[in-house]
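Below you'll find the structure, written out as structure tokens, and then a few comments.
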Amino acid sequence: MHHDIPSKLSPNGHPNRIFIISPVIPGYPNAKFPGIVVFSEIYQVTGPVERFAGQIASHGFVVACPSSFHEFQGPDPIPYDVEGTDRGNKFKVDKEVAGYDEASLARAIYRSTN
């Protein structure tokens, strides 16, 4: 599951996509769980990151995984190849600190309302 949260800093209009992985306990649909944020490496939320988040969720945590570079390309993962590595490394240098702050605020707002 994911949630798209509007971004004021994204010049191309891409929202801040936050992937949510939650534990499931049969018979307790309204159970509340503590939350953890998993920041991915330069490739955004890839299969290995999602599997890692799933492992954490299996221990009773709601895990939020943001697409860190939504300002540049949207939420899609960056390929594990030379071009993708170069692009991800460029994004991590070019990203403004305010972009990380905005992403953190978006996660906090999501968490407090769900």
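Remarks
- Residues that are of a type in the set (Ser, Thr, Tyr), open to solvent by 20 Å² or more (accessible area, probe 1.4 Å) and at pLDDT 85 or above do not occur anywhere in the stretch 90-104.
- Any hit, the stretch 60-67, residues being open to solvent by 80 Å² or more (accessible area, probe 1.4 Å), farther than 16 Å from Ile18 by Cα and out of contact with any strand residue (DSSP E or B) (no Cβ under 7 Å at 6 or more places or on another chain): no
- Among the residues of the stretch 1-21, those that are under 10 Å from the mean Cα position of the chain (by Cα) and open to solvent by less than 60 Å² (accessible area, probe 1.4 Å) comprise His3, Asn16, Arg17, Ile18, Phe19, Ile20.
- Residues (of a type outside the set (Gly, Ala, Ser), touching a residue at least 24 places away in the same chain (Cβ under 8 Å) and outside any loop (DSSP other than H, G, I, E, B)) located in the stretch 73-86: Gln73, Thr85
- Of all residues in the stretch 30-47, those satisfying the criterion of being surrounded by fewer than 16 Cβ atoms within 10 Å (Cβ to Cβ) and in a loop (DSSP other than H, G, I, E, B) are Asn30, Ala31, Lys32, Phe33, Pro34, Phe39, Glu41.
- Residue check for Glu41: among the acidic types (Asp, Glu) and under 10 Å from the mean Cα position of the chain (by Cα): no
- Val24 out of contact with any Ser or Thr (no Cβ under 6 Å at 6 or more places or on another chain), part of a loop (DSSP other than H, G, I, E, B), loosely packed, with under 14 Cβ neighbours inside 10 Å and of a type outside the set (Gly, Ala, Ser): yes
- Some residue of the stretch 48-66 being on the phi < 0 side of the Ramachandran plot, modelled with pLDDT under 85 and part of a loop (DSSP other than H, G, I, E, B): no
The values are calculated or read from the model by the stated rules, or taken from the named source; none is laboratory data. Keep in mind the model is a prediction, meaning the values are calculated, not measured. Cβ coordinates were reconstructed from backbone atoms using ideal geometry, including for glycine residues, and neighbour counts include every protein chain displayed. Protein only, heavy atoms only, side chains kept; ligands, DNA and RNA dropped before computing areas. Shrake-Rupley method; radii C 1.70, N 1.55, O 1.52, S 1.80 Å.
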